[in-house]
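Please read the structure below before turning to the comments.
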Amino acid sequence: MAEINTDQKQKGGEKGLVKKGKKMSTRIDMTPMVDLAFLLLTFFLLATTFIKPQVMNLILPEKNQDNSNQPKVNEKNVMSIVLEGDNKVYWYIGLTNAQVNETNYADTGLRKVVQEQSKANEKLTILIKPADASTYENLVTTLDEMAINNIQKYVLDEYRDEDKALIQGFTGGVRTAGGNS
Amino acid sequence: MAKIKMKRHIPTIDMTPMVDLGFLLVTFFMMTTQFQPSELATITTPRATAQTKLPEANNATVVVSKDNRVFFRMDGTKNLKTLGEKLNSKYNLGMTESDIEKFSHKSGFGLDLRGMKQFLSLTETQQKNTAMSGIPVDDDNNNNQLADWIIYARIANPDVRLVVKGDKETNYPVIKKVTDTLVRCNVNKFYLITDTKENTNS
């Protein structure tokens, strides 16, 4: 390039004219480069993991070997939500002679129940008891309802024989005695 | 009157700023891109209204598939290398330096540790075709390897965030095994990956 330039200058000098020789255009066709740049851009745009997954917090209590230290709660302030198979949900207050109610995961079901019960009793603690037949989705939906209704006091509990007996009593068509209706 | 000669317009635009911007963006995306790790299993996460976003780095994910298999995934090649070394010495896997190197480039694991060395010796395609049986989470037979994965992952990266990604159809007992294992490893706070759902509550 440099050589060519000096050549041109000399030519101009020889002719003794002010008018410069035809300048070589310094422009380069950038189209292919732009093409490539945008191709790469598109590729990286698409390859980027745009969607960060959404997460829900779950805090579980430590496994306590010593049961004597556990806080005692009045059973009237305890609401159990039992998650059963086939997307069935049962709930009851207390444990002795509890009246079992059935509900569902719809907005008008579990959410309404939780809303009403937590409004009626400020000290309410909710125990979530997923049965073995329930699915992960059931659990997440229930936990989500807790978040939606701003329930602070809830525990992921175990499904025990007492609960099983209650549910069986309910589904068997026999209302447990003493249930206030 | 003399004719005014119209100056001919050459229809070119200066593309330099556009190219500048183009390459700036390319550079940006090249630097920030994290490629999506290959799917270990098809997971449909349950829907919830949670809005919290999971940060990109320092995650260790326990993936639970529909057919009750458990996988483990962690980011950071360096962390995985430490994890591999620890697991190697704990289980006497006999993995060589190059095995651990291979281990550190894997995006996820879902098999019994005793089969790890053999798995790593396979080629990429063979590995893809190998059916992953899942990490044993069996407390009864004293074969809870997931616990060791979690413990050593936390040693390798103390800032690690434990995430559970479960399929919505997973049976609860498997999830319980996983959460119990997490609690046993003193991980009381962890995250559940969910899908978006509009909050219809007004």
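Among the candidates B:68, B:92, B:142, single out the residue that is over 17 Å from the mean Cα position of the chain (by Cα) and modelled with pLDDT under 80. That would be B:142, the only listed residue that is over 17 Å from the mean Cα position of the chain (by Cα) and modelled with pLDDT under 80. For the stretch B:156-181, a tally of residues being assigned to a helix (DSSP H, G or I) and under 18 Å from the mean Cα position of the chain (by Cα) returns 2.
Here are some residues: B:77, B:44, B:49. Which one is of a type outside the set (A, V, I, L, M), surrounded by fewer than 20 Cβ atoms within 10 Å (Cβ to Cβ) and touching a His at 6+ places or on another chain (Cβ under 9 Å)?
B:77 is the lone residue from the list that is of a type outside the set (A, V, I, L, M), surrounded by fewer than 20 Cβ atoms within 10 Å (Cβ to Cβ) and touching a His at 6+ places or on another chain (Cβ under 9 Å).
In the stretch B:85-97 there is no residue matching the filter, namely being within 15 Å of residue B:165 (Cβ to Cβ) and either surrounded by 20 or more Cβ atoms within 10 Å (Cβ to Cβ) or of a type in the set (A, V, I, L, M, F, W, C) (or both).
If you check B:41, B:57 for being closer than 19 Å to residue B:159 by Cα, more than 9 Å from chain A (Cβ to nearest Cβ) and either more than 12 Å from the chain's Cα centre (by Cα) or in a loop (DSSP other than H, G, I, E, B) (or both), only one passes: B:57.
So which of A:128, A:148 ends up being within 13 Å of chain B (Cβ to nearest Cβ), buried (at least 20 other Cβ atoms within 10 Å of the Cβ) and modelled with pLDDT of 85 or more?
On the way: A:148 fails: buried (at least 20 other Cβ atoms within 10 Å of the Cβ).
So the residue among A:128, A:148 that is within 13 Å of chain B (Cβ to nearest Cβ), buried (at least 20 other Cβ atoms within 10 Å of the Cβ) and modelled with pLDDT of 85 or more is A:128.
Residues in the stretch A:125-148: is at least one closer than 21 Å to residue B:168 by Cα, touching a Lys or Arg at 6+ places or on another chain (Cβ under 6 Å) and assigned to a loop (DSSP other than H, G, I, E, B)? The answer is no, given that none of the residues of the stretch A:125-148 is closer than 21 Å to residue B:168 by Cα, touching a Lys or Arg at 6+ places or on another chain (Cβ under 6 Å) and assigned to a loop (DSSP other than H, G, I, E, B). Residues considered: A:116, A:84. Of these, the only one that is surrounded by 12 or more Cβ atoms within 10 Å (Cβ to Cβ), within 14 Å of chain B (Cβ to nearest Cβ) and among the acidic types (Asp, Glu) is A:84.
Looking only at residues that are outside any helix (DSSP H, G or I) and hydrophobic (A, V, I, L, M, F, W, C) in the stretch A:1-44, which one is modelled with the lowest pLDDT?
Within the stretch A:1-44, the subset outside any helix (DSSP H, G or I) is A:1, A:16-30.
Going one step further and asking which of them are hydrophobic (A, V, I, L, M, F, W, C), we end up with A:1, A:17-18, A:24, A:28, A:30.
Numbers: A:1: 44, A:17: 52, A:18: 58, A:24: 75, A:28: 74, A:30: 76.
Among those that are outside any helix (DSSP H, G or I) and hydrophobic (A, V, I, L, M, F, W, C), it is A:1.
The test for being surrounded by 13 or more Cβ atoms within 10 Å (Cβ to Cβ) and free of Cβ contacts under 8 Å to residues at least 12 places away in the same chain holds for residue B:18. In the set (1) loosely packed, with under 15 Cβ neighbours inside 10 Å; (2) more than 7 Å from chain A (Cβ to nearest Cβ), residue B:173 fails one condition alone, (2). You will find that of B:23, B:72, the residue that is farther than 27 Å from residue A:141 by Cα, of a type in the set (Phe, Trp, Tyr) and surrounded by 11 or more Cβ atoms within 10 Å (Cβ to Cβ) is B:23 and no other. Within the stretch B:146-183, the set of residues being of a type outside the set (A, V, I, L, M), free of Cβ contacts under 8 Å to residues at least 40 places away in the same chain and touching a helix residue (DSSP H, G or I) at 6+ places or on another chain (Cβ under 8 Å) comprises just one member, B:172.
The values are calculated or read from the model by the stated rules, or taken from the named source; none is laboratory data. Everything numeric here is computed off the predicted structure, so don't read it as measured data. All Cβ positions, even for glycine, are placed from backbone atoms using ideal geometry, and neighbour counts span all protein chains on display.
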